[in-house]
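The structure under discussion appears below in the form of structure tokens.
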2 protein chains.
Amino acid sequence: MNALNVAEYTQTLGLQAKVASASMARATPATKNKALKALARLLRENTAALALDNARDLERATAAGLSAPMVDRLKLTPKVLETCAEGCEQLAAMPDIMGEVLGMKQQPSGIRVGQMRVPIGVFGMIFESRPNVTIEAASLSIKSGNACILRGGSEAIESNKALARLVEQALTEAGLPAHAVQLVQTTDREAVGQLIAMPEYVDVIIPRGGKGLIERISREAKVPVIKHLDGNCHTYVDDPCDLDLAIKVTDNAKTQKYSPCNASESLLVARGVAQAFLPRIGAVFAQKGVEMRCDAEALAILAAVPGANLVEATEQDWSEEYLAPIISVKVVAGVDEAIAHINRYSSHHTEAILTRDHVHAQQFLREVDSASVMVNTSTRFADGFEYGLGAEIGISTDKFHARGPVGIEGLTSLKWIVLGEGEIRT
Amino acid sequence: MNALNVAEYTQTLGLQAKVASASMARATPATKNKALKALARLLRENTAALALDNARDLERATAAGLSAPMVDRLKLTPKVLETCAEGCEQLAAMPDIMGEVLGMKQQPSGIRVGQMRVPIGVFGMIFESRPNVTIEAASLSIKSGNACILRGGSEAIESNKALARLVEQALTEAGLPAHAVQLVQTTDREAVGQLIAMPEYVDVIIPRGGKGLIERISREAKVPVIKHLDGNCHTYVDDPCDLDLAIKVTDNAKTQKYSPCNASESLLVARGVAQAFLPRIGAVFAQKGVEMRCDAEALAILAAVPGANLVEATEQDWSEEYLAPIISVKVVAGVDEAIAHINRYSSHHTEAILTRDHVHAQQFLREVDSASVMVNTSTRFADGFEYGLGAEIGISTDKFHARGPVGIEGLTSLKWIVLGEGEIRT
């Protein structure tokens, strides 16, 4: 396609999505759940056929010299497909929140005023590699009564096309419009530029992928973006605290997995507990091969830990998202300095305080300006499923509309409804 | 100032606002209310002094040949100032919603997860003419624990500066940072371009003014915008309905005031009641000098009304926001056609159905895709005060974040809070 054709094509997708979104908003919970269950069934029935389409992507990726982990992420194994199918069934089993009416109250004029939860309309999702995101996004779109336009990575195009055909079949089986979920069929990058600049058709864009992709989309989008940039999460060990709890939770926050955005990248320790706490956590990190990038005070205390991998921290370390067995470590005077440090260097994703002090806990909850603020637990819990959202379309590090893990509610809007009995304005 | 200086100046305002916003977020309800009451007192004490500053703007406006209504809107009369003072006192008397915790529930892992309402941070407000908006925005900013940067119209610069000095005095009296409310002191248009492109300092922009201003800001902003474009509101008279109620409400929706965005601009009438309803409302409109732009069917029925000012409607009329004694009139088959027409031509602001039919009412509430959807009452009620919000910073015709009348809640965000007892992720 040339640029003109891509623009026309994307406009067509937009118009079709807009038209489909009206039917989706009217669809009953039973109909939407029927489509989700059909999709689960089709994924299981077509596991072998999907493997063939997937193999074409895998061959191309291997030939193109993609790294083994990258090729791994492309794989639609029977296990991945079964997880997708179960996800659809779980969504089908969830209550439907559309039409929910909130806060209906009578006003002095006599009118009763409340808010009704309705689908937001059309969302666009732009994602890289993992083709199973096609099913995650499609199923969330169906459950939430929205229409969506999906743009996957070019390396997974054959897999995505095959999955999108199954989604279309499931929609049709349930009597829902086939255009409710559309995959951008061209790998032309121009299509992304178009998709993020059609406010007349697309109500919100959700990018999932590397920082470069997300920065580009945020910069160029002409529609709202639910975006997630860095996860520079902090764990702050307060004075007083339960040291055993602090060791267990800090260890989990850093080492349970290194790659997720909610892993802690920075450890702050109150001066009053530093002598007792740092050597113990230092020994844990030393044993697990976690490099510690320390301020002078932490360095002095940790120097005595056998086998500790210690490095002097630079200013840059306080802002870093390592996604690796590395953590920055700093001794602070107490909760005030911890909060000030976090609000200065954090990416506003997730921060935790480990404390026995009620006043410190309350202050930390109120004053830390991040999407998730925790007391006495692991930052790794910042996740839509762990928060009981039932599903997660993304995590937002913005404050507008949706903040933190975004579930189905983030794909809705609240419109005002007003019931009267002939009242007039005077 | 040259462009470079304007950029530096605006950056300084942004940084100062950001710093002040942290103190504002921590301020107690008592402190914020003290500032609001001080502001009310200062407005009353300085009524005479403000008249002198205001006179400079009025002279300049008259000399520049501004129209009488434009000059009128600039006036800071004792009555306008008293209304501002009362607004501040009303805000002070309202409950404080910051820190409110919503939906705290224990999850299977043991952690308890909820959401805390916190100020959004810094908002920028860009407005034209009426200097009293300075006080409205400042008082909402104080109550909501945000910082704000205000950019008023150049024609009201002396009045705005004088009001901003009183706001600063009130903040200081209460022990709040003087930079919590800052007025852009230059009338250079470049300052607007800067203000809407500082995502590092400004969390949301709220423009209030003509469509040209709002379109420019929406197009160029690099931060979220709470914007209100057209108000092409519809009243749909259903079959069956209470005709007396329908006459009273339709009359109110169109003629109580012609200029507000929530006045009805389009009247849809179900065929089954058109013969009974249209001549009666036509007589009311004829008596009040309201021009009716009709489709052929309405035209035929209304032709018999003595003194009716009838015009054949063009396609353009269905999308028009007249803000004048003009209304478009169309006969439709019933509720389905009414909804389809509204969703096609409306600006998604406010629509009302006047009906006795429960099923039609429910369908209209669910399917009309507008910020406010009403049954048996006047579209003129679409207003923050009438909805019980206590104050209104603007009306949004978008679906993202805030929809319809925006009160203090629209200036907040919900962050997740998580309480644990040492839980770890496994």
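Every read-out reported here was derived from the displayed coordinates using simple, explicitly stated rules and does not represent laboratory data. Quick caveat: nothing in here was measured; it's all calculated off a predicted structure. Glycine gets a Cβ as well: all are built from the backbone with ideal geometry, and neighbour counts include every protein chain shown.
Averaging over all projection directions, find the projected area of the Cα convex hull of the stretch A:233-381 and quote it in nm² with one decimal place.
Values: hull surface 28.5 nm².
Answer in nm², one decimal: 7.1.
Between A:LYS211 and the same site in the other copies, what are the distances in nm, shortest first, taking label points 7 Å from Cα along the C-beta direction?
In ascending order, 4.3 nm.
Greater than 26 Å separation of Cα atoms is the criterion. Which listed pairs, A:LYS399/B:LYS257; A:LYS211/A:LYS399; A:LYS143/A:LYS257; A:LYS399/B:LYS18; A:LYS211/B:LYS211, meet it?
In this structure, A:LYS399/B:LYS257; A:LYS143/A:LYS257; A:LYS211/B:LYS211 lie more than 26 Å apart at Cα.
If you take each beta carbon of peptide A:111-120 and count the beta carbons of other chains within 10 angstrom, what is the mean? Write out the running numbers ahead of the final one.
On the way: counts 9, 2, 9, 1, 4, 3, 0, 8, 2, 3.
Mean shielding by partner chains, rounded to a whole number: 4.
If you build a Gaussian network model of chain B, linking Cα atoms that sit under 10 Å apart, which residue out of B:GLY210, B:GLY114, B:GLY394 swings the most?
Looking only at B:GLY210, B:GLY114, B:GLY394, the biggest GNM fluctuation is shown by B:GLY114.
Okay, which of the stretch B:262-298 sit inside 16 Å, backbone N to the point 7 Å along the Cα-Cβ direction of B:GLU337?
Residues B:267-278, B:294-298 fall inside that zone.
Per DSSP helix of 4 or more residues, -39500 (n - 2.57); summed, then divided by the residues of chain B. What does that give at 222 nm, rounded to the nearest 500?
On the way: 14 runs with 185 residues, N = 426.
Taken over chain B, the calculation gives -14000 deg cm²/dmol.
Over all Cα pairs of chain B, how is the pair count split among 10 Å bins, expressed in % and running from 0 up to the last occupied bin?
The percentages, shortest bin first, are 5, 19, 25, 22, 17, 9, 2, 0, 0.
P(r) for the stretch B:210-265: what percent of alpha-carbon pairs falls in each 5 Å bin, starting at zero?
4, 17, 18, 15, 13, 10, 9, 8, 5, 2
I'd like the distance between the alpha-carbon centres of the stretch B:200-230 and the stretch B:45-100, rounded to an integer number of Å.
Taking the Cα centre of each part, the stretch B:200-230 and the stretch B:45-100 sit 23 Å apart.
Between A:ARG56 and A:ALA178, take the C-beta separation as r, use R0 = 22 Å, and let me know the FRET efficiency to the nearest 0.05.
According to the calculation, E is roughly 0.35.
Under 5 Å between amide hydrogens, which residues at least 5 positions from A:ILE395 or on another chain qualify, with H placed 1.01 Å from N in the peptide plane?
Counting only residues 5 or more places away or on other chains, the set is A:VAL406.
Distance in nm between label sites at B:ASN309 and B:GLN169, each 7 Å beyond Cα in the beta-carbon direction?
4.8
Tell me, in nm to one decimal, what length is gained between B:GLU86 and B:SER319 on full extension, where the rule is 0.36 nm per residue of separation less the Cα-Cα distance?
Value of the extension gain: 80.1 nm.
Rounded to a whole number, what is D in µm²/s for the stretch B:156-264 from Stokes-Einstein with the Kirkwood radius over alpha-carbon pairs (10 °C, 1.306 mPa s)?
89
Assuming R0 = 45 Å, can you tell me the calculated FRET efficiency for the pair B:SER23 and A:GLU45, based on Cβ-Cβ distance, to the nearest 0.05?
Working from the Cβ atoms, E equals 0.15.
Can you list the residues, at least 5 places off or on another chain, whose amide H is less than 5 Å from the amide H of A:VAL329, using H built in the peptide plane?
A:LEU267, A:ARG293, A:CYS294, A:ASP295
What list of ³J(HN,Hα) couplings, whole Hz, do you get for the stretch B:19-25 from phi and the Karplus terms 6.51, -1.76, 1.60, once you set θ to phi - 60° and write x for glycine and proline?
4, 5, 4, 5, 5, 4, 5
Place the label 7 angstrom along Cα→C-beta at A:VAL284 and in each other copy, then list the distances from the first to the rest in nm, shortest first.
So the distances to the same position in the other copies read 7.2 nm.
What distance in nm separates the two pseudo spin-label positions at A:VAL359 and B:TYR258, each 7 Å out from Cα along the beta-carbon direction?
6.4
Between rounded, prolate and oblate, where does the stretch B:1-152 land on the alpha carbon gyration tensor, with a ≥ b ≥ c its root eigenvalues, rounded for a/c under 1.5, else prolate if a/b exceeds b/c?
prolate
To make sure I understand, if each residue's beta carbon is the centre and we count other beta carbons within 10 Å, what order do A:LYS34, A:LYS161, B:LYS254 fall in, fewest to most?
A:LYS161, A:LYS34, B:LYS254
Going out from 0 in 10 Å bins, what whole percent of all Cα-Cα distances in the stretch B:353-410 drops into each bin?
Going from the shortest bin to the longest, the percentages are 23, 46, 28, 4.
Send over the per residue convex hull volume for the protein assembly as shown, Cα only, as a whole number of Å³.
Considering the Cα atoms of the protein assembly as shown, their hull volume per residue is 175 Å³.
Over chain A, with a Gaussian network built from C-alpha contacts below 10 Å, which listed residue (A:ALA304, A:ALA162, A:ALA137) shows the highest mean-square fluctuation?
Evaluated over chain A, the most mobile residue of the options is A:ALA304.
Cα axis of helix B:29-45 to longest principal axis of chain B: angle in degrees, 0 to 90, nearest 10?
80
Share of antiparallel DSSP beta bridges in the stretch B:233-381, in percent to the nearest 5?
0
Within a 10 angstrom radius of each residue's Cβ in B:401-407, how many Cβ atoms of other chains show up on average? Whole number is fine.
Mean shielding by partner chains, rounded to a whole number: 4.
Between B:ARG344 and A:ALA197, what FRET efficiency follows from the Cβ-Cβ distance if R0 is 22 Å, with the result rounded to 0.05?
Computed FRET efficiency for B:ARG344 and A:ALA197: 0.45.
Can you name the residue in chain A whose Cβ lies closest to the A-to-B rotation axis, and give that gap in whole Å?
Axis relating chain A to chain B; nearest Cβ residue and distance: A:HIS401, 2.
Students often get this wrong: which residues of the stretch A:107-125 have the backbone nitrogen under 16 Å from the point 7 angstrom along Cα-to-C-beta of B:ILE97?
Under cut-off, by backbone N: A:107, A:113-117.
Take the alpha-carbon positions of the stretch A:290-349, form their convex hull, and give its projected area averaged over all directions (one quarter of the hull surface) in nm².
4.4
Find the Rg to Rh ratio for the stretch B:86-231, where Rh is the Kirkwood radius over alpha-carbon pairs and Rg uses the same atoms.
That ratio is 1.04, to two decimals.
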